[in-house]
Amino acid sequence: MAVAFFYLFSAIMLASAFMVIAARNPVHSVLFLILAFVNAAGLFMLAGAEFLGMILIVVYVGAVAVLFLFVVMMLDVDFAELKRGFLQVLPIGAIVGAVVAIELILVVGSWAIAPEGSAPLGAPMKPGLTNTQALGQVLYTQYLLFFQLAGLVLLTAMIGAIVLTLRHKVVKRQNIPEQNARTQAGVVEIKKVPFRAGV
Amino acid sequence: MQMLNSIGEWLGPALPAVMAALKSLVLLVAVLLSTAVLIYGERKVWAAVMLRRGPNVVGPWGVLQAFADFLKFILKEPIIPDGANKGVFLLAPYIGVVLAFMAWAVIPVNNGWVVANINVGVLYIFAVSSLGVYSIIMAGWASNSKYPFLSALRAAAQMVSYEVSIGFVIVTVLLCAGSLNLTEIVEAQNTKYGILGWYGVRLFPMFVIFFVSALAETNRPPFDLAEAESELVAGYAVEYSASLYLLQFLTELVAILTMSSLMAVLFLGGWLSPFPWIPVIGAPSVFWFLLKGWSVVFMFSLVKLIVPRYRYDQLMRLGWKVFLPISLVAVIIVAFVVKLAGA
């Protein structure tokens, strides 16, 4: 049963990953990317890592990919324009792709997995402990420094992005307390208008 | 009984899958019936507040109104706009309705009455509800029309914003319960103090924030900016008609039911009785779950009548500048209290 699901998720994931680059419409590409994410989460769950699977969906699909989709929808990408230069750069692209592929094959092909190497992988999880608890216990004790550093890097990246995009233009801002403090006396002036005289 | 046993033997290893399918079917029918009750009940509540009669023509006291609406949607002709991106246009409502029903798989209605009693139940619901935004974005984009697209942008920003505070509020509950399993969260509220042991009482401010965020998450008034009829006609649903619109309508209603029952489970003690020391009333049962869930739905209905719609910038301000800091500080405080009390 699990094997069948493994092949189902993997097949859909590979197919949708292919469609990400093959789809003509960029919005369709992003939607296929999301499908690939969801199937990756399914694979995580099959592997027994239900916490990682759920976090993948919450963070990547629920938040990051939404913003992706947002941006791609707003950009009006003209694919005919982009495809025009395609044939000119095709040879260079093919060469680079071939080099990377050969390197990958050389590196990964020479890998050998030690027979005793896979044993410790299943060991550290204590019985009677859920996935989430086990992750939390390791992450906040043994790897606390790395966890905090990763957070710091993210914070720096965020501040950097804000600084880069912040322009000190004159921006009209609403002052909410001021708005709330407005009363009729300060805002409305009632005038008695004489007939046929105007204000 | 003998027949059941022989059927069990005949199915053999496929039995759990068949049982899960049967449970899902029962749950599906129950949720669909609840949406019918919700359509009728909400309109009656609104009518009562506005001193009108509400639906009273179809069937006795108009109780068959929901089914008449259903038939109307089914029998109409679905119209697909010429400029629409057809695949995505047709897919969007289906994704929405599937996700809306998916969340129900982990909601425990009574002790043990749940389709999938998984360890990460809360995260599952959170993940599924965060996917719901795709249905709206896809519908808005595929319609290839201005109002739906504007609505989709609004809905996306709104749902992503309020998910953040919902997430932190859920974290406070998890810290108290010490589990992500919804059944265990309900059991953690089972104390000898009855109603005082519920997280809705112990974490009352969080309950309020969750309720308001749930209104925003389900696009309900006063946060129904995505379908503000005075600005966007009907928002992302403008180009949809007949059975496709029915699916969108169903998605919204089921989302309300999901959020209400989630609140009943997380904050109001699920199937637990508020007064466990009284003999008959004190017994935990599905009745309490239904009572609590429908009370929250009732509050959802009333909010629509008594609060005017927010302006979009006010909505964003409330989400990012009020709810997010409050819930973030609350997480820290609750974590400290749990640590000190537990040690």
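Here are some notes:
- Members of segment B:283-334 found to be more than 27 Å from B:Leu174 (Cβ to Cβ) and outside any helix (DSSP H, G or I), listed by number: B:Ala283, B:Val307, B:Pro308, B:Arg309, B:Tyr310, B:Arg311
- The listed residue being part of a loop (DSSP other than H, G, I, E, B) and more than 28 Å from B:Ala242 (Cβ to Cβ), out of B:Ile170, B:Ile118: B:Ile118
- Those helices (runs of 4 or more DSSP H) lying entirely in segment A:138-199 with at least 3 residues within 32 Å of the chain's Cα centre (by Cα): A:144-165
- Positions within segment B:286-295 being within 20 Å of B:Tyr40 (Cβ to Cβ) and surrounded by fewer than 23 Cβ atoms within 10 Å (Cβ to Cβ), in sequence order: B:Leu290, B:Leu291, B:Trp294, B:Ser295
- Output for segment B:83-97, where each listed residue is assigned to a helix (DSSP H, G or I), of a type outside the set (Phe, Trp, Tyr) and more than 13 Å from the chain's Cα centre (by Cα): B:Lys86, B:Gly87, B:Val88, B:Leu90, B:Leu91, B:Ala92, B:Pro93, B:Ile95
- Looking only at segment A:1-51, and only at residues there that are outside any helix (DSSP H, G or I) and closer than 21 Å to B:Lys86 by Cβ, the one that is nearest to the other protein chains (Cβ to nearest Cβ): A:Asn25
- Meets criteria (away from chain A (no Cβ under 13 Å), touching a residue at least 12 places away in the same chain (Cβ under 8 Å) and within 16 Å of B:Met259 (Cα to Cα)) for B:Ser165: yes
- Matching entry among B:Tyr236, B:Tyr240 (being crowded, with 20+ Cβ neighbours inside 10 Å and in a loop (DSSP other than H, G, I, E, B)): B:Tyr240
- Selected residue [within 16 Å of the chain's Cα centre (by Cα), under 30 Å from A:Gln137 (Cα atoms), away from chain A (no Cβ under 13 Å) and touching a residue at least 24 places away in the same chain (Cβ under 8 Å)] from B:Ile125, B:Ile170, B:Ile185, B:Ile107: B:Ile107
- Residue match in segment B:191-200 (condition: surrounded by fewer than 19 Cβ atoms within 10 Å (Cβ to Cβ), among the hydroxyl-bearing types (Ser, Thr, Tyr) and either at positive phi or not in a helix (DSSP H, G or I) (or both)): yes
- Residue in segment B:215-232 that is of a type outside the set (D, E, K, R) and farther than 17 Å from B:Tyr162 by Cβ present: yes
- Within segment B:128-148, the set of residues being more than 19 Å from B:Thr258 (Cα to Cα) and either touching a residue at least 60 places away in the same chain (Cβ under 8 Å) or within 8 Å of chain A (Cβ to nearest Cβ) (or both) comprises B:Ile137, B:Met138, B:Ala139, B:Gly140, B:Trp141, B:Ser143, B:Asn144, B:Ser145, B:Tyr147, B:Pro148.
- Unmet criterion (only one of (1) under 28 Å from the mean Cα position of the chain (by Cα); (2) on the phi < 0 side of the Ramachandran plot; (3) at pLDDT 80 or above) for B:Pro16: (3)
- In segment B:149-162, residue farthest from the other protein chains (Cβ to nearest Cβ) [restricted to those that are hydroxyl-bearing (Ser, Thr, Tyr) and within 30 Å of B:Ala188 (Cβ to Cβ)]: B:Tyr162
Here's the yes/no breakdown for (1) under 25 Å from B:Val122 (Cα atoms); (2) touching a residue at least 24 places away in the same chain (Cβ under 8 Å):
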residue	(1), (2)
A:Ala11	no, no
A:Leu14	no, no
A:Ala17	no, no
A:Pro26	no, yes
A:Phe37	yes, yes
A:Gly48	yes, yes
A:Val59	yes, no
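- Just one residue in the set B:Leu253, B:Leu272 is closer than 28 Å to B:Trp46 by Cβ and touching a residue at least 40 places away in the same chain (Cβ under 8 Å); that residue is B:Leu253.
- Per the conditions (1) assigned to a helix (DSSP H, G or I); (2) modelled with pLDDT under 85, the sole criterion not satisfied by B:Leu175 is (2).
- Criterion (farther than 26 Å from B:Ile195 by Cβ and at pLDDT below 90) met by exactly one of B:Leu268, B:Leu318, B:Leu328: B:Leu318
- Members of segment B:41-72 that are crowded, with 18+ Cβ neighbours inside 10 Å, among the hydrophobic types (A, V, I, L, M, F, W, C) and over 21 Å from B:Lys304 (Cα atoms): B:Phe70
The values are calculated or read from the model by the stated rules, or taken from the named source; none is laboratory data. All values reported here derive from a predicted model rather than from experimental measurement. Methodologically, a virtual Cβ is constructed for each residue, glycine included, from the backbone with ideal geometry; neighbour enumeration extends over all protein chains shown.
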